[in-house]
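Below: one structure, written as structure tokens.
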Amino acid sequence: MSQATMTQDTTPAPAPRTNTLAGKSLPRWSPIGFAAVSIALAVGLGTVAGWQSKMQWGLLAALFFVVLTYTAASAVEGKRQAKDRVATSVMWVCFILAVVPLASLLWTTVGRGIKVLDGYFLTHSMAGVPGFEAGGGVYHALIGTVEQVGLATLFAAPIGLLTAVYLVEYGRGTLAKAVTFFVDVMTGIPSIVAGLFLLSIMLMFKLQPSGFMGALALAILMVPVVVRSTEEMLKLVPNELREASLALGVPKWRTILKVVLPTAIGGITTGVMLAIARIAGETAPIMLLVFGTQLINSNPFDGAQSSLPFYIWEQYRVGSDASYDRAWAAALVLIAFVMILNLVARGIARWKAPKTGR
Amino acid sequence: MAKRIDVSGLSAFYGTHKAIDDISMTVEPRSVTAFIGPSGCGKSTFLRTLNRMHEVTPGGRVEGKVLLDDENLYASNVDPVSVRRTVGMVFQRPNPFPTMSIFDNVAAGLRLNGSYKKSELADIVEKSLKGANLWNEVKDRLNKPGSGLSGGQQQRLCIARAIAVEPQVLLMDEPCSALDPISTLAIEDLIGELKERFTIVIVTHNMQQAARVSDRTAFFNLAAVGQPGKLIEIDETERIFSNPSVQATEDYISGRFG
Ligand SMILES: Nc1ncnc2c1ncn2[C@@H]1O[C@H](COP(=O)(O)OP(=O)(O)OP(=O)(O)O)[C@@H](O)[C@H]1O
Ligand SMILES: [Mg+2]
């Protein structure tokens, strides 16, 4: 039977093969060898040609690596293994290309930010410190960011969550389609537009700038992100669980509350945290609506506040060595803030995720 | 406790597709009724119309009457939630709640429907797990997640969960299709015990199982692919397996199909 189908096959017979399953293969160290050779080649060529940019050297090395791997592997191991190796090496190259800027960004921020980052910096404001002199701190901006982001989350997380529950559990027909469409549109709103929108409201009702107004703009940016991620997570909850609960005579709303949401809670938390991370770095709405200050104002409902991204921008604009240092230190604080939130989210996700095992 | 089910002129639809057509039958209380028939003939669909789970599927629609001791489940003033409390269901694939422990899984139906005292709950959970022949295997790890059990244990956990709310009818959709012979036997014994208290309907592809556990057997068939499924006949299990009144039933049971 299989003989017959084999002979009918029109593809050319495979290259002569030995009868064993094991073929020739490159030694295990060969990728490292290829990498060394291609880097050497690229450096050599780069120096000879007198290229200044290290970027060109790196790209050339990557190119050499891929070509070298392919030719060597197809000569020794055969076409399929060669393709496999090329795919693997392209993936590695892309991974390195993605990680290099990230690592260098972290390296620079930590290196330059750590200089003035200490207890004093974290607990003092810029009150009475001339911008171009050393001293002062980030406390007022940190408070501003925590309060504005906290308020924004307080508004956006429930709205986003409930919208997603509506879309996944109840939404049918035109209304659901319309909601989905508007969420998509909202995802694309630039932060400055959200800021201008609230600014026009602020002027219309003759309100003063405050952390609260900024939080509203941040909430507008946050809602679509929360909706999208929560929606995906709720869709992952198997229908069988909903049916199991309904079949026990549990009403639909309790099924959602007690079965669907707990099952998805890990992913939902991660999504909310990512949304928080996204808005924590927004500057534009803060400039327009919170105005910025050098003083500590811990009341988000009254008067101007500062925030970390705003502080960074402000310090950078001053343009003295001391203010540059402060800007970098504040950037480091912002990254740490987001990172800590992220770790907390992962912790919660792991703690709450459906447990398996005995 | 156990109730009689009277179905008359029941058709069920998925959107515009008619899955079952004009089914009428009576399910006797305190007995086991088995549904057999080829794949796709609408056994699961019919089963789900008996506790109003069919309408949970998007596009699901039902015509006809299902009387539970003279009360029409599809009357306009009937709340599907209370129907499902009276008519419990065990699904083909075990589906314990992954976020809950074994204890909470069994207590889920009670807890999600009202408040109970801790000691009361513990009693009911123990009774249900014993009823489902699972107590001895899990009594030392009631606080461990339910998804950590084997497939057969999970299925018995789902049965315990279904009987914990004391339904009057228990619907089982191929409860043993993923189980080994020993777990299957355990569940069949369990069905034998449960029929003292409940009305039981079981869908199965296993002829021996139908012959072993059921008092009455209903044979479903469909004329052709895409056609709605129909009830061919329902009778005492012994008659269906020895001397059915329709030729198609005999062909199906003896494996001479098509
Ligand atoms: N969710 C659904 N949407 C649309 N059609 C469906 C759906 N579920 C089932 N059907 C259709 O309804 C018919 C009956 O399906 P059903 O699941 O009741 O068959 P069954 O007898 O239980 O089969 P099996 O023995 O394989 O479980 C089939 O034609 C099937 O394609
Ligand atoms: Mg089925």
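The values are calculated or read from the model by the stated rules, or taken from the named source; none is laboratory data. Small disclaimer: the values here were computed from a predicted structure and weren't measured. We place every Cβ from the backbone using ideal geometry, glycine too, and count neighbours over all the protein chains shown. Remember, those area values only see protein heavy atoms, side chains included, never the ligands or the DNA or RNA. Shrake-Rupley method; radii C 1.70, N 1.55, O 1.52, S 1.80 Å.
Observations on the model:
- Test for B:GLU188: is it closer than 23 Å to B:ALA19 by Cα, of a type outside the set (A, V, I, L, M) and open to solvent by less than 50 Å² (accessible area, probe 1.4 Å): no
- Test result for B:PHE35, within 12 Å of ligand 1 (Cβ to nearest atom) and either part of a strand (DSSP E or B) or not β-branched (Val, Ile, Thr) (or both): yes
- Residues that are free of Cβ contacts under 8 Å to residues at least 24 places away in the same chain and over 22 Å from B:THR26 (Cβ atoms) were ranked within the range B:59-98; the one that is nearest to ligand 2 (Cβ to nearest atom) is B:VAL81.
- In the range A:278-289, the count of residues that are within 14 Å of chain B (Cβ to nearest Cβ) and not in a helix (DSSP H, G or I) is zero.
- B:ASP140 being of a type in the set (D, E, K, R), more than 25 Å from B:GLY42 (Cα to Cα), at pLDDT below 90 and away from ligand 2 (no atom under 16 Å from the Cβ): no
- Applying the condition of being touching a helix residue (DSSP H, G or I) at 6+ places or on another chain (Cβ under 8 Å) and part of a helix (DSSP H, G or I) to the range B:128-150 and asking which residue is nearest to the other protein chains (Cβ to nearest Cβ) yields B:SER147.
- Verdict on A:LEU196 being within 14 Å of chain B (Cβ to nearest Cβ) and touching a helix residue (DSSP H, G or I) at 6+ places or on another chain (Cβ under 9 Å): no
- Of note, B:GLU55 does not satisfy the criterion of being assigned to a strand (DSSP E or B) and surrounded by fewer than 21 Cβ atoms within 10 Å (Cβ to Cβ).
- Residue tally, condition surrounded by 15 or more Cβ atoms within 10 Å (Cβ to Cβ) and either within 15 Å of ligand 1 (Cβ to nearest atom) or in a strand (DSSP E or B) (or both), over the range B:4-22: 11
- Test: residue in the range B:72-82 that is in a helix (DSSP H, G or I), open to solvent by less than 10 Å² (accessible area, probe 1.4 Å) and within 13 Å of chain A (Cβ to nearest Cβ): no
- Meets criteria (more than 14 Å from every other protein chain (Cβ to nearest Cβ) and either under 23 Å from A:GLY144 (Cβ atoms) or open to solvent by 80 Å² or more (accessible area, probe 1.4 Å) (or both)) for A:GLY211: yes
- Selection of the range A:33-72 for residues being open to solvent by 80 Å² or more (accessible area, probe 1.4 Å), under 14 Å from A:ILE96 (Cβ atoms) and of a type outside the set (D, E, K, R) yields A:ILE39, A:MET55, A:LEU59, A:LEU63.
- Qualifying residue in the range A:229-242 (condition: over 30 Å from B:ASN113 (Cβ atoms), open to solvent by 10 Å² or more (accessible area, probe 1.4 Å) and in contact (Cβ under 8 Å) with a residue 40 or more places away in the chain): yes
- Top-ranked residue in the range A:104-137 [being β-branched (Val, Ile, Thr) and open to solvent by 70 Å² or more (accessible area, probe 1.4 Å); ranked as nearest to A:ASN297 (Cα to Cα)]: A:THR123
- Only residues that are part of a strand (DSSP E or B) and within 16 Å of ligand 2 (Cβ to nearest atom) were counted in the range B:175-211, giving 3.
Per-residue answers, yes or no, for (1) under 18 Å from B:ASN51 (Cβ atoms); (2) at pLDDT below 90; (3) within 16 Å of ligand 1 (Cβ to nearest atom):
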{"residue": "B:LYS127", "(1), (2), (3)": "no, no, no"}
{"residue": "B:GLY148", "(1), (2), (3)": "no, yes, no"}
{"residue": "B:ARG161", "(1), (2), (3)": "yes, no, no"}
{"residue": "B:PHE198", "(1), (2), (3)": "yes, yes, no"}
{"residue": "B:GLN209", "(1), (2), (3)": "no, no, yes"}
{"residue": "B:GLY226", "(1), (2), (3)": "no, yes, yes"}
{"residue": "B:ILE232", "(1), (2), (3)": "no, no, yes"}
{"residue": "B:ASP235", "(1), (2), (3)": "no, no, no"}
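- Verdict on A:ALA322 being in contact with a Gly (Cβ under 8 Å, 6 or more places away or on another chain) and either without any contact (Cβ under 8 Å) to a residue 60 or more places away in the chain or surrounded by fewer than 19 Cβ atoms within 10 Å (Cβ to Cβ) (or both): yes
- Selection from the range B:95-119 of residues that are closer than 16 Å to B:GLY151 by Cα and either outside any helix (DSSP H, G or I) or open to solvent by 30 Å² or more (accessible area, probe 1.4 Å) (or both): B:ASN95, B:PRO96, B:PHE97, B:PRO98, B:SER101
- Answer from A:LEU102, A:LEU97, A:LEU106 - the residue that is touching a residue at least 60 places away in the same chain (Cβ under 8 Å) and not assigned by TED's automatic domain parsing to the domain that holds A:SER210: A:LEU106
- The set of residues from the range B:212-235 being crowded, with 20+ Cβ neighbours inside 10 Å and either hydroxyl-bearing (Ser, Thr, Tyr) or in a helix (DSSP H, G or I) (or both) comprises B:VAL213, B:SER214, B:THR217.
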